[in-house]
Amino acid sequence: MIIAENVAKEFTLHNQGGTVLRVMEGASLKVAPGECVALTGASGAGKSTLMRMIWGNYRTDAGHIRVAGTEVSSAEPRQIIALRRTTLGYVSQFLRVLPRVPTLRVVAEPLLALGTPEAEAEARAAELLSRLRIGESLWGLSPTTFSGGEQQRVNIARGFVHPYPALLLDEPTASLDAANRETVMCLIEEAKARGGAILGIFHDEGARARLCDRLVDVTGFRPGVAA
Amino acid sequence: MAMLDATVGHMPGMVETAPAPGPLLSVRDVGKRYGARIGCADVSFDLWPGEVLGIVGESGSGKSTLLGCLSGQLVPDTGEVVFDSRDRGPVDTLRMSERERRHLGRTDWAFVHQNPRDGLRLGVSAGGNVGERLMANGARHYGNIRATAQDWLARVEIDPGRIDDRPRQFSGGMQQRLQIARNLVSGPRLAFMDEPTGGLDVSVQARLLDLLRGLVRDICLSVVLVTHDLAVVRLLADRLMVMKGGHVIESGLTDQVLDDPQHAYTQLLVSSVLQV
């Protein structure tokens, strides 16, 4: 479902003397439907970089990345837009939303974009928000005013509201209390059970041990480091 | 796309559109000079149904010239602009007659100006402003026109009770929403927007952006959006073109251009945004 082959990435900092930072080389991985794979490696090793290349907001300089048959590394913007709408979900660490849009709408939005009727989309959003213990009194408010943990849960609800066949998770259990952490792990297990291919970054070792079928250490993809 | 189109049917005042097989707008090698100075040069892109394309760049980068060339307000020196019109299929809008272009301007196209005063008739009531395009397109039943105008005022969050007030009595944010209603009432498929959130307070901007996003989704509207505000394109645009000195120097998926800019100028632009 998610395939990376021999991927390389460099950044050219034009405004800092044209410095070229080669940050990744020969990165390859595969995630099959129903599988959960963790990216590991020290901070700065390139876990997020690889994940962003799969999401498509970082360009791939060499090699190929394919998600559900779409060649992300060379696709037209509209193909990536379509892929993100139907197939590829992403729970980032930061919630980026329009101010003043109510939480219920923020969570329902991926379904509305797919043409799901409003009542159905909001019912599904409400169900997830309840499971993630966001009180109903908050649903009509914008999440921009919420605490970090609450925003994190709104972001997770938004990422799980549509059953994406492929899902990228960046530290989904960070900054959550025990009960919510358990809920998120259940959501991930349910996504695996329905055949979702999941690639995640988990600093939470307990979560990683329980959820992940394999680990991929990105340290081996650093240029000049033997795998 | 088919799913988005399916929602069009039950919008009052909307004309149903069939899913278009090709791009809605095809722009090839458009260029315009002002004497020896380049307005814009060698601009080519395709815009697909339901897509929002942001054009960013600083003042003088050529983005407004380009918007003028695309929307028929300026005549480019070179290139072609092919629009897939509802009644006649693909037409070269640069080579059509003024009458045909005016027809397009009140049916398939919309233009939202930065200053609502440029896009509204200030001496005419809010309802009259919204109803004008309907009448120009042949609507004659007063009750229906008024009902549609009321519906659109509500959709842009203006109290329909103010239908008989003149735009002069509205705040800047309300005027901008009225301009949007006036433009979208005829169910256009393509809207050109020049800094639509330009002169507005930040809180009013957010409200307008939310509104625009909902409208884009509900009526499968394609938008060419010119702005210098990167936060606005991040939230509204699917794709981005960065202009400098009349040329498109970088283009791509919005978050890719903003998160992983390739060109020196784009890197400068992105790194110069003040964080709040």
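Residues within the reach of a label modelled at B:Leu122 (point 7 angstrom out along Cα to beta-carbon, backbone nitrogen below 18 Å), restricted to region B:184-205, are B:199-200.
Could you check which residue among A:Cys36, A:Cys212, A:Cys186 shows the biggest mean-square fluctuation in a GNM of chain A with a 10 Å Cα cutoff? Evaluated over chain A, the most mobile residue of the options is A:Cys186.
Here region B:221-276 and region A:127-151 have alpha carbon centers that stand 31 Å from each other.
Report, in cubic angstrom per residue, the convex hull volume of the C-alpha atoms of region B:126-185.
Numbers: hull volume 3.8 nm³, N = 60.
So the per-residue Cα hull volume is 64 Å³.
Largest mean-square fluctuation among A:Ser147, A:Ser137, A:Ser73, in a Gaussian network model of chain A whose springs join Cα atoms under 10 Å apart, belongs to A:Ser137.
The angle separating the long axis of helix A:103-113 from the principal Cα axis of greatest extent in chain A is about 60 degrees.
Split the accessible area of chain A by element, probe 1.4 Å, and carbon with sulfur accounts for 50%. Distance between the pseudo-spin-label points of A:Ala209 and B:Asp46 (7 Å out from Cα toward the beta carbon): 5.2 nm. Relative to the longest principal axis of the Cα atoms of chain A, the long axis of helix A:77-86 lies at roughly 50 degrees.
Kirkwood Rh, Cα Rg: Rg to Rh for the protein assembly as shown? The partial results should precede the final answer.
Values: Rg = 24.0 Å, Rh = 24.4 Å.
With Rg and the Kirkwood Rh in hand, the quotient comes to 0.98.
Near B:Met174, once Lys and Arg are set to +1 and Asp and Glu to -1 for all other residues with Cβ below 14 Å from its Cβ, the sum equals +4.
Using +1 on the beta carbon of Lys and Arg, -1 on that of Asp and Glu, and nothing else charged, what's the dipole of chain B about the Cα centre, debye to 20? Show your work: numbers first, answer last.
Working: 30 positive and 33 negative charges, 198 e Å.
Dipole size: approximately 960 debye.
How high is the relative contact order of region B:126-185, in percent, counting Cα pairs under 8 Å that sit 6 or more residues apart? Before the final figure, lay out each step's value.
Values: 59 pairs, mean separation 28.7, N = 60.
Reported as a whole number, the value is 48 percent.
The angle separating the long axis of helix B:172-184 from the principal Cα axis of greatest extent in chain B is about 80 degrees. Each peptide among B:183-191, B:34-42, B:143-151 gets the average number of other Cβ atoms lying within 10 Å of its residues, and from highest to lowest they stand as B:183-191, B:143-151, B:34-42.
Using only alpha carbon pairs under 8 Å that are at least six residues apart, calculate the relative contact order of chain B and give it in whole percent. Please list the in-between numbers first.
Values: 509 pairs, mean separation 70.2, N = 276.
Answer for chain B is 25 percent.
A simple spin-label model places the labels of A:Asp217 and B:Arg168 7.6 nm from each other, with each point 7 Å out along Cα-to-Cβ.
Is the shape of region A:97-162 rounded, prolate or oblate, going by the alpha carbon gyration tensor and its root eigenvalues a ≥ b ≥ c, with a/c under 1.5 for rounded and a/b larger than b/c for prolate?
Values: a/c = 1.69, a/b = 1.44, b/c = 1.17.
Prolate is the answer for region A:97-162, as a/c is 1.5 or above and a/b outweighs b/c.
Once B and A are treated as a pair rather than alone, how much accessible area drops out, both sides summed, in Å² to 100, probe 1.4 Å?
Details: alone 12860 and 10840 Å², together 21130 Å².
The buried area between B and A, both sides summed, comes to about 2600 Å².
A simple count of charges around A:Cys36, restricted to other residues whose Cβ falls under 11 Å of its Cβ and scoring Lys, Arg +1 and Asp, Glu -1, yields +1.
Note on chain B: Rg/Rh from Cα positions, Kirkwood definition for Rh, rounded to two decimals, is 0.96.
Placing a pseudo-label 7 Å from each Cα along the Cα-to-Cβ vector at A:Arg96 and B:Asp92 gives an inter-label distance of 4.0 nm.
Give the shape of region B:70-141 as rounded, prolate or oblate, defined through the alpha-carbon gyration tensor: a ≥ b ≥ c are the square roots of its eigenvalues, a/c under 1.5 means rounded, and otherwise the shape is prolate if a/b is larger than b/c and oblate if not. Intermediate results must be reported in sequence, preceding the final value.
Numbers: a/c = 2.96, a/b = 1.53, b/c = 1.93.
Oblate, because a/c is 1.5 or more while a/b does not exceed b/c.
The values are calculated or read from the model by the stated rules, or taken from the named source; none is laboratory data. Since this is a predicted model, take the numbers as computed values, not measurements. So basically every Cβ, Gly included, is an ideal-geometry build from the backbone, and we count neighbours across all protein chains shown. We work out accessible area using only protein heavy atoms, side chains counted, and drop any ligands, DNA or RNA first. Shrake-Rupley method; radii C 1.70, N 1.55, O 1.52, S 1.80 Å.
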